[in-house]
Amino acid sequence: MAAGLNSRDTQAFYITTPIFYVNDVPHIGHAYTEVASDVLARWHRQRGEDTWLLTGTDEHGQKILRTAVANDTSPQAWADNLVESAWKPLLKTIDIHNDDFIRTTDERHEKAVTIFLQKLYDDGHIYSGEYEGYYCVGCEEYKQPDDLMDGTGDFVGQLVCKIHGRPIEILKEKNYFFRMSAFEQKLLDLYESQPDFVQPSSVRNEITQFVKQGLADLSISRSSFDWGIKVPWDESHVVYVWFDALLNYVTAIGYGVDDAQFQRRWPAVHIVGKDIARFHAVIWPAMLMAAGLEVPRAVFGHGWLLVGGEKMSKSKLTGIAPSEITDTFGVDAFRYYFLSAITFGQDGSFSWEDLSARYQAELANGFGNLASRVIAMVTRYFDGALPDVEPDEAILAIAKRVTAAADASIDRFAINEALGSIWELVDALNLYITENEPWALAKEPATRARLEVVLATAVRGLGTLAVLLSPVLTRATEKLWQAVGGVGALDAQPIDRAWEWTGGPAVTPLDGTLFPRIETTEEAPVA
Ligand code: MSP
């Protein structure tokens, strides 16, 4: 094991979220992607890996342009406002520890996109042609007839996009094309030789089938509007918004301008919603191959948050703002709930009732109560001085096992399984306290020695839990770490050795309860 740990110490871990469209404010679907990526980043950082979490905003294209025009403003002013008033504040609302935030209107991005595009052009991967076909501005995507259906309601008699249910555009314009078809076999070889390149397997299968049906070349410029990055050799065109957006993952780490940083970080792990996995697992690696760059380490397509059985979205008016949840339940509950209740990689239904029930059972009663009881007993029976005795082997063995299991789950992106393993220790400690009845042991001097062992074991278990849960429950674990007498910064404790924590000398009372009782019935809206 030691060799493995050492080799990890210097390993780079670069993880990205999608960059978000700034046509509207964030909802809990966006926040879900952010939290999952942040938890993975925090876990790897706490293993001592050279970790970098990138997030940001996608600001070009027709969708943003039209939103700005409809609101009587310029796209740049619109984006500036949304980024500062909504997207950056989201990161604070849900405790995201990102290392960088890229906007596609940043000069560094625009400059590096130009360098990348010119290289592909010079190397013969781009040619000029005419695009004639369908386009959905909602998806910012060229569409095939199969992607469309007949409109209903206001849109009767028109063709609409199956995803948005809104009319599509019929384009006929001079465009530049990327010879993506040349990479069809190379992509299939990639999926074959690196089965974990696209995850989970449901998404991998869908992508493989899609590419097997044949890849067409991709139109990568638009000439009928000008909100975008200018094509360097023909300024009457702007770069297609997805081609521009995907490049954020390399422009943010110095592509074309800072080789040392680029070499240090690339390749990345991309966390995306399954709806945009195709862009990341087909177009993006083809672009990288054309430029002679390494493909990403992995593309993980997570599922959708469903409300009332449908993908939650603002355009369908089912959007829920993250603060609606954090204001009532707190940031920790937000982070914990979505990652523990939903299998990462599958869809999951959101309901206020489920959130409330899990908050009460798992966080308040399961974890919070355990912490309060144990710390109160050490304070009462030992005046806060933690007995210096060996812990019970059985609990220590569980702590060791769940640490290893959770660590391995994180490597498989199985965040919910990692939490399930950690919760085995929560449950084991609760059972341990119930069975050993420290309050009874405290009554007799003859059982004092046993009381010392039981409470020392429990405090040690709580310290292990504080370390293991710190990537998810960022706030409660900080309080717990103070209470159990943790020395040093909590996020500096090696997470893959969390079970080794031996306990601080002094336990201090908890600052309130970790998860206070919540009166939800009147306050929480019912979905
Ligand atoms: N701008 C593009 C991404 C470019 S990445 C180079 C985009 N933006 S988005 O704002 O529309 O969506 C960003 C992410 O939020 C996507 O991964 C999408 O799947 C995710 N989600 C949007 N609604 C969601 C749910 N209802 N549930 C889970 N994730 C959701 O696409």
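Remarks
- Thr51 meets each of the listed conditions (1) surrounded by fewer than 21 Cβ atoms within 10 Å (Cβ to Cβ); (2) in contact with a helix residue (DSSP H, G or I) (Cβ under 8 Å, 6 or more places away or on another chain) apart from (1).
- Looking at Lys443, Lys400, just one residue is assigned by TED's automatic domain parsing to the domain that holds Gly463 and touching a residue at least 12 places away in the same chain (Cβ under 8 Å), and that residue is Lys400.
- Test: residue in segment 248-260 that is over 20 Å from Leu117 (Cβ atoms) and at pLDDT 95 or above: yes
- Matching residues, segment 5-24, being within 11 Å of the ligand (Cβ to nearest atom) and at pLDDT below 95: Asn23, Asp24
- Residue that is more than 22 Å from the chain's Cα centre (by Cα) and over 19 Å from Thr464 (Cβ atoms), where the choices are Glu324, Glu353: Glu353
- Residue that is surrounded by the fewest Cβ atoms within 10 Å (Cβ to Cβ), among those in segment 157-166 that are modelled with pLDDT under 90 and not polar (S, T, N, Q): Gly157
Residue-wise test of (1) on the phi < 0 side of the Ramachandran plot; (2) surrounded by 19 or more Cβ atoms within 10 Å (Cβ to Cβ); (3) among the charged types (D, E, K, R).
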site	(1), (2), (3)
Asp147	yes, no, yes
Gly151	yes, no, no
Asp189	yes, no, yes
Pro195	yes, no, no
Gln199	yes, yes, no
Ser202	yes, no, no
Arg222	yes, yes, yes
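- Test: residue in segment 87-99 that is within 30 Å of Asp411 (Cα to Cα), among the β-branched types (Val, Ile, Thr) and either surrounded by 21 or more Cβ atoms within 10 Å (Cβ to Cβ) or assigned by TED's automatic domain parsing to the domain that holds Thr403 (or both): yes
- Applying the criterion of at least 3 residues that are buried (at least 21 other Cβ atoms within 10 Å of the Cβ) and within 16 Å of the ligand (Cβ to nearest atom) to the strands (runs of 3 or more DSSP E) found wholly in segment 256-311 leaves 268-273, 298-302.
- For the condition assigned to a helix (DSSP H, G or I), modelled with pLDDT of 95 or more and either away from the ligand (no atom under 16 Å from the Cβ) or β-branched (Val, Ile, Thr) (or both), Ala41 qualifies.
- Residue match in segment 328-341 (condition: within 21 Å of the chain's Cα centre (by Cα) and within 13 Å of the ligand (Cβ to nearest atom)): yes
- In segment 224-250, residue farthest from the ligand (Cβ to nearest atom) [restricted to those that are in contact with a strand residue (DSSP E or B) (Cβ under 7 Å, 6 or more places away or on another chain) and among the hydroxyl-bearing types (Ser, Thr, Tyr)]: Ser224
- Selection count, segment 370-420, where residues are assigned to a helix (DSSP H, G or I), over 20 Å from Leu514 (Cβ atoms) and either among the aromatic types (Phe, Trp, Tyr) or under 29 Å from the mean Cα position of the chain (by Cα) (or both): 16
- Of all residues in segment 317-337 being in contact (Cβ under 8 Å) with a residue 12 or more places away in the chain and of a type in the set (A, V, I, L, M, F, W, C), the one that is farthest from Ala476 (Cα to Cα): Ile320
- Pair list, Cβ < 7 Å and 6+ apart or interchain, from segment 355-366 residues that are closer than 16 Å to Asp327 by Cα to residues that are among the polar types (S, T, N, Q): Ser356/Thr520
The values are calculated or read from the model by the stated rules, or taken from the named source; none is laboratory data. Treat the numbers as computed from the prediction; the structure is a model and nothing was measured. Please note: Cβ atoms are built from the backbone with ideal geometry, for glycine as well, and neighbour counts cover all protein chains shown.
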